[in-house]
Structures are given as C-alpha cells and as structure tokens.
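*Asks:* Below is one structure. I have some questions about it.
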Amino acid sequence: MAGSSTKAMKTLSDPLVENNPISIQMLGICSALAVTVQLKTALVMGISLTLVVAFSSLIISSMRTIIPRNIRIIVELTVIASLVILADELIRAFLFDISKQLSVFVGLIITNCIVMGRAETFALNNPPHLAFLDGLGNGLGYGAVLLSVAFIRELLGAGKLFGIQVVPEAVYAAGYENMGFMLLAPAAFIIIGFMVWIQKSLRQ
Amino acid sequence: MSDTMRSLIFSAVLCLVCSLLLTAAATGLKGYQQENVELDRRRNLLKSVNLVAAGGDYSAEDIRRLYDANIAEIAVDRSGRVVPAGEDTGVSLPVYLYQTGDAIQAYIIPINTRGLWGKIKGYMALESDGATIAGFTVYQHSETPGLGGEIEQRWFQENFVGKKIVGRYGDFVSVSVAKGVADTAVPEEKQMNYVDGISGATLTGRFLTAGLKDILETYEPISVQFRGQRMLRMPQAAEKKTQP
C-alpha cells in the first residue's frame, strides 16, 4: 500500500517541476503566450486546463479497456472537446468578463498538446486514479508556469497584480515607466525561455 | 462481433452521451449567458456616453439602474421621423437617447457592421449638436487579437471623442480611420474627421470606416434634426417607449 501511495504522490508531483509540461516538455506554449498578460486570465486558464486534463484522463482511463484501438484518438478528442465546451459554457455563464479576454483560447484547449499527450501516453495505460492525479499534476504544472509568467508580465507591464495597482504613484513620479513590451506576446516567449534556461542549468 | 462493428457501436454511444451532455449544459446555462450579454451591451451603451468608466467595477444592479435612469429608446424611420411606440412602419432604426431631466444630452446609434473576420458591434454616441462624437465602444468583434482586436482597446475608442462627422461647412462626411496617426497621415483641415489607425490592421480600419459611413449616412436624417436644434426634448410621440 505504501508503495502505491508513493507512486500516486510521484505521479502528481513529477509534472509540477521535474517534468513540467511547459518548461521541460515544451507543450502548450501557444496559449501560455496568449493568456499571461494578466494574472486573472492566467489563473482561469490554468484552472480550466487543470480540470479538463484531469477529468479527460480520468474518463479515458476508465474506458481504456473498451476503447477500440483503431479509433482511440478520435475517442480521446471527443471526450476532450466535450469537456472543453462544457468549461467554455460555464465560464461564459459565470465569468463573462474573463471569457471575453480569454476569447478563443478556452476553445483552443482542445488542441493543447498537453491534454492529448497525457491521454495518449498515460491515461491509456494506467488505472483511473493515477490518470486523474497525472492530469491534475500536469494541469497544475502548466498553471504554475502560466502564473509565474503572468506575475512578471502584469507587474512590469502594468504595475499591477490581479488588477490592483502595486507600483506606487511616487515611483511613477520619479520617472519609472511600465514596460509596454511586457504586454506583447514576445515578452512571454523571452520569460519562458529564461525559465527553461534556469531550470535546465539547475538540473545538471 | 467484428472489430468494425464494435468501433461503430462504441463511437455511436460515445457521441450520443457527449451530445446529450453538451445540449443539457448549453440549454441550462443559456439564461445566465444571455443575461451577461445583455448586461454587457448596456454597459457599453453607457460607456459610450461616459456614464460608466472604462474598466470600472459596476454590479449588474448599478448598470440596470443607470440605464433605466438615463437612457430612453426610440425608433426613427429613414426620413428621420420619430416612429411612435407601437406603430409598425417596417423600417425603423433604433436610437438611444441620453437625457438628464428632459433635455437630451446625446443620442446613441448602434453600430453593427462588417469587420475583417466577422461582425463588429458597438455604439457611437453623438452630442446633441448632431456633429460631435461623444464616444465610441465595441462590445463584440472577431478581429485578430493584438492587431484588429485593438478596436476594443481604450486608446482606440477614446480616439473618437471630440471628432466630427461633418466637414468644415457642416456637410456630412462621416468619420474615418486613418492609416497611421491622423495628425501626420491626413491634411490638417481633415483631421477632425479622422481617428488614429491601428498599425498592422489596415483592413479592419478600412472595413470600420466603410461601415461607419454607411450607418451614419442611414442615420443622417435624425442627425440633421439635431443639428437644426429640432431635437432638444424627448419627442412626445415616443414617450411611451421609455416605460416598457
């Protein structure tokens, strides 16, 4: 029993840092560039992706013995797409302002390689509880990177955190200016690049 | 049972389950979503006359109260005549009036035009002189984020405030999106009819310019009445429409 709980723990924690979907596996970069201008959108996106990948892994894993091999990719996509549409509907009903900012990117979770990748490589070969934890771990790993990038971009680009002004007026009066560049997609590229660099050098 | 048969049955069942689930979700949440869309529309209408600040925090209740207190909805026909509530003439154009007391401060025209990738919907508010733009907002569009999508940004929309839809001699010319910064891209005597364009989004600007011209031209008869000071009070004929 002890062995299986360590395995569960490892399944959950491994993708957080050690095997992070963005900084190590280089998956899901596109949406990471698009939704990290503000912490709020990054948070909602991180939560949505975490829920989608956790539940799609869970569902696919519980059906893994009955899914016909020849149509498994289509089945995976159907499950993922249904969950994504469900998430999108919920966000539009209860978080309308954020849904306008996230625009197409919630829908694009369907094509996010992380979800498909976990379903194909992990969920199809592992029992449901492990698949669920694996999905949860990967989603949280993705969300953690998104939040770190958004933290830097919102702080330097707008002087705010979660929409609240944190850089005091006095600093602006002294000649400090927000970095407009941080609000553009290339800034996210550079930040992610630095994160990958630091993480890879630390691992050696 | 053959493999093919098994795949077919499996996919049929899966599709059925998924579609039932999604239909249930879409139907169940429709009410909330429509309410959000309606609230967002009203918020934008109020924003075009500066009754709510961009980026400000307003509850649904605030929006409803501000809307009910300040905005009246009337309809005009193509000749600019106010169509009395209840009378159906076939063609009637909606106009929203922003009034304090019974004096009209501004009139708001709904914008619904073609963009590069899809519809652009918003509001243009004109001051009661019938010539000066009081505000412009966009609440729905499908332009490219970061390029044409900038039309939803505050800098672009605030760009319109104070611009004129008439030329120097009071003739109708509409308002256009310049290619680049209006101050350098167009001659000085025309600058009052041009707003700064978005770099990298020339086509969005061109579609918006054409759409605005079309819409403002359609509404020109009512604008003429405002310019002639004939629309200073709430028209009697339409009064009923403010009380839904």
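The values are calculated or read from the model by the stated rules, or taken from the named source; none is laboratory data. The structure presented is a predicted model; accordingly, all values stated were derived computationally and were not measured. Ideal geometry is used to build each Cβ from the backbone, glycine not excepted, and the neighbour counts take in all protein chains shown.
*Asks:* Out of the residues in region A:14-26 meeting the condition of being crowded, with 20+ Cβ neighbours inside 10 Å and either modelled with pLDDT under 80 or closer than 16 Å to A:Trp197 by Cα (or both), tell me which one is nearest to the other protein chains (Cβ to nearest Cβ).
*Replies:* Filtering first and then ranking leaves A:Ile22.
*Asks:* Being among the hydrophobic types (A, V, I, L, M, F, W, C) and more than 18 Å from A:Ala93 (Cα to Cα) is the requirement here; does B:Ala53 meet it?
*Replies:* For B:Ala53, the condition - among the hydrophobic types (A, V, I, L, M, F, W, C) and more than 18 Å from A:Ala93 (Cα to Cα) - is met.
*Asks:* List pairs: first in region B:194-218 and of a type in the set (Asp, Glu), second outside any helix (DSSP H, G or I), Cβ under 6 Å, 6+ apart or cross-chain?
*Replies:* What qualifies is B:Asp196/B:Asn159; B:Asp196/B:Val181.
*Asks:* Being in a helix (DSSP H, G or I) and among the basic types (Lys, Arg) is the filter here, so list the residues in region B:194-235 that pass it.
*Replies:* Correct list: B:Arg206, B:Lys213, B:Arg227.
*Asks:* From the list A:Leu102, A:Leu124, A:Leu90, A:Leu86, which one is more than 13 Å from chain B (Cβ to nearest Cβ) and either surrounded by fewer than 20 Cβ atoms within 10 Å (Cβ to Cβ) or not small (Gly, Ala, Ser) (or both)?
*Replies:* A:Leu124
*Asks:* Suppose we filter A:Lys40, A:Lys10 for residues that are touching a Gly at 6+ places or on another chain (Cβ under 7 Å), surrounded by fewer than 21 Cβ atoms within 10 Å (Cβ to Cβ), charged (D, E, K, R) and in a helix (DSSP H, G or I); which single one remains?
*Replies:* On inspection, the qualifying residue turns out to be A:Lys40.
*Asks:* OK, next. Conditions: (1) more than 10 Å from chain A (Cβ to nearest Cβ); (2) surrounded by 14 or more Cβ atoms within 10 Å (Cβ to Cβ). B:Glu38 meets all but one. Number of the miss?
*Replies:* (2)
*Asks:* Of all residues in region A:174-183, which are closer than 17 Å to A:Ala158 by Cβ and either of a type in the set (A, V, I, L, M) or touching a residue at least 40 places away in the same chain (Cβ under 8 Å) (or both)?
*Replies:* Within region A:174-183, A:Met179, A:Met182, A:Leu183 qualify.
*Asks:* To continue, here is another question. Looking at A:Leu49, is it more than 10 Å from chain B (Cβ to nearest Cβ), buried (at least 17 other Cβ atoms within 10 Å of the Cβ) and at pLDDT 85 or above?
*Replies:* For A:Leu49, the condition - more than 10 Å from chain B (Cβ to nearest Cβ), buried (at least 17 other Cβ atoms within 10 Å of the Cβ) and at pLDDT 85 or above - is met.
*Asks:* Of (1) within 14 Å of another protein chain (Cβ to nearest Cβ); (2) aliphatic (A, V, I, L, M); (3) more than 30 Å from A:Gln165 (Cβ to Cβ); (4) touching a residue at least 12 places away in the same chain (Cβ under 8 Å), A:Ile66 satisfies all except one. Which?
*Replies:* Evaluating A:Ile66 over (1) within 14 Å of another protein chain (Cβ to nearest Cβ); (2) aliphatic (A, V, I, L, M); (3) more than 30 Å from A:Gln165 (Cβ to Cβ); (4) touching a residue at least 12 places away in the same chain (Cβ under 8 Å) leaves (4) as the failure.
*Asks:* Next question, about the same structure. Collect the residues in region A:184-203 that are within 14 Å of chain B (Cβ to nearest Cβ) and either in contact (Cβ under 8 Å) with a residue 40 or more places away in the chain or in contact with a strand residue (DSSP E or B) (Cβ under 8 Å, 6 or more places away or on another chain) (or both), keeping them in residue-number order.
*Replies:* A:Ala185, A:Ala188, A:Phe189
*Asks:* Let me ask something else about it. State which residue is nearest to the other protein chains (Cβ to nearest Cβ) when the search covers only region B:3-32 and only residues that are of a type in the set (S, T, N, Q) and under 21 Å from A:Ile91 (Cβ atoms).
*Replies:* B:Ser19
*Asks:* Next question, about the same structure. Return the residue satisfying two criteria in turn: it lies in region B:134-163 and is within 12 Å of chain A (Cβ to nearest Cβ) and hydroxyl-bearing (Ser, Thr, Tyr), and of such residues it is nearest to B:Trp117 (Cα to Cα). Walk me through it before giving the result.
*Replies:* If we filter region B:134-163 for residues that are within 12 Å of chain A (Cβ to nearest Cβ), which is where we start, we get B:138-147, B:149-150, B:152-153, B:155.
So of that shortlist, the ones also hydroxyl-bearing (Ser, Thr, Tyr) come out as B:139, B:142, B:144.
Numbers: B:Tyr139: 15, B:Ser142: 6, B:Thr144: 8 Å.
Selected residue: B:Ser142.
*Asks:* For A:Ala170, are the conditions met, namely being assigned to a helix (DSSP H, G or I), of a type outside the set (D, E, K, R) and without any contact (Cβ under 8 Å) to a residue 60 or more places away in the chain? Lay out the reasoning, then the answer.
*Replies:* Details: assigned to a helix (DSSP H, G or I): yes; of a type outside the set (D, E, K, R): yes; without any contact (Cβ under 8 Å) to a residue 60 or more places away in the chain: yes.
Yes, satisfied.
*Asks:* Regarding region B:153-170, can at least one residue be identified that is touching a Phe, Trp or Tyr at 6+ places or on another chain (Cβ under 8 Å) and of a type in the set (D, E, K, R)?
*Replies:* yes
*Asks:* Just name the residue that is farthest from B:Gln229 (Cα to Cα) out of those in region B:56-74 that are surrounded by 15 or more Cβ atoms within 10 Å (Cβ to Cβ) and among the hydrophobic types (A, V, I, L, M, F, W, C).
*Replies:* Keep residues of region B:56-74 that are surrounded by 15 or more Cβ atoms within 10 Å (Cβ to Cβ), which gives B:58, B:63, B:66-67, B:70-74.
Among the residues that remain, those that are also among the hydrophobic types (A, V, I, L, M, F, W, C) are: B:63, B:66, B:71-72, B:74.
Values: B:Ile63: 30, B:Leu66: 26, B:Ile71: 20, B:Ala72: 19, B:Ile74: 18 Å.
Looking at residues that are surrounded by 15 or more Cβ atoms within 10 Å (Cβ to Cβ) and among the hydrophobic types (A, V, I, L, M, F, W, C), I get B:Ile63.
*Asks:* Let me ask you something else. Give the residue, chosen from B:Val13, B:Val37, B:Val91, that is at pLDDT below 85 and more than 19 Å from B:Asp129 (Cα to Cα).
*Replies:* Only one candidate qualifies: B:Val91.
*Asks:* Follow-up. If you check B:Asp102, B:Asp77, which single one turns out to be surrounded by 15 or more Cβ atoms within 10 Å (Cβ to Cβ), more than 30 Å from A:Leu90 (Cβ to Cβ), more than 14 Å from chain A (Cβ to nearest Cβ) and not hydrophobic (A, V, I, L, M, F, W, C)?
*Replies:* B:Asp77
*Asks:* Condition first: charged (D, E, K, R) and out of contact with any Ser or Thr (no Cβ under 7 Å at 6 or more places or on another chain). Now tell me which residues in region B:190-213 satisfy that.
*Replies:* Selection gives B:Lys190, B:Asp196, B:Arg206.
*Asks:* Suppose we filter region B:105-126 for residues that are surrounded by fewer than 20 Cβ atoms within 10 Å (Cβ to Cβ) and closer than 24 Å to B:Val173 by Cα; how many remain?
*Replies:* 8
*Asks:* While we're looking at this one, here's another question. Picking from B:Leu46, B:Leu14, which residue would you name as being of a type in the set (A, V, I, L, M, F, W, C) and over 16 Å from the mean Cα position of the chain (by Cα)?
*Replies:* On inspection, the qualifying residue turns out to be B:Leu14.
*Asks:* Mind counting the residues in region B:93-118 that are more than 22 Å from B:Arg78 (Cβ to Cβ) and either out of contact with any strand residue (DSSP E or B) (no Cβ under 9 Å at 6 or more places or on another chain) or in a strand (DSSP E or B) (or both)? Let's see the steps before the verdict.
*Replies:* Applying the first criterion (more than 22 Å from B:Arg78 (Cβ to Cβ)) to region B:93-118 yields B:98-103, B:105, B:115-118.
Within this subset, residues satisfying the condition of being either out of contact with any strand residue (DSSP E or B) (no Cβ under 9 Å at 6 or more places or on another chain) or in a strand (DSSP E or B) (or both) are B:98-101, B:103, B:105, B:115-117.
Result for region B:93-118: 9.
*Asks:* Quick test for you: out of A:Phe151, A:Phe189, A:Phe194, A:Phe162, pick the one residue that is of a type outside the set (Asp, Glu), surrounded by fewer than 16 Cβ atoms within 10 Å (Cβ to Cβ), closer than 18 Å to A:Thr41 by Cα and at pLDDT 85 or above.
*Replies:* A:Phe189
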